[in-house]
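The numbers here are math on the coordinates, done by the rules we state, and not lab data. Predicted model only: the values in this text are computed from it and were never measured. Here the Cβ is made from the backbone with ideal geometry for all residues, glycine too, and neighbour counts use every protein chain on show.
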């Protein structure tokens, strides 16, 4: 156990230094259940943010001028061909459906909840998976953001326990 720890790394119990007591004094229990604690209440609740897909939208907006350029670079015979419009139309529309589909699935399937004692992550639509971590067990938290995520104020948070 690291020196200066306020909580036990295994059970989360509060570590208190006990001063020398007179022989007649009764020892105080150090078990966490014996110490009155504040009741658990919710601090924050959230879901997947669509702003996290900003990079996909930027790539799609970069793809569109490239498709227009390629369309006008085609010979007129190829432009009038039976499949040219379908291929270019699909190249423009399919990425939009993909982005919207992944947004909908992530939005419906992922929930986060933070209380004053625990962090919960619930994932799934037809089946559920619930992950929970006690905040006293958290050793480190890191945040990773690329330039676009910084613009949209989103990122990836990693909790290390």
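At-a-glance table
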item	result
For peptides 100-113, 54-67, 76-89, sequence by mean Cβ density within 10 Å, most packed first	100-113, 54-67, 76-89
Diffusion constant of the stretch 42-131 at 25 °C, which comes from Stokes-Einstein with the Kirkwood Cα-pair radius and 0.890 mPa s, µm²/s	151 µm²/s
Neighbour-count order for 72, 120, 98, fewest beta carbons within 10 angstrom listed first	72, 98, 120
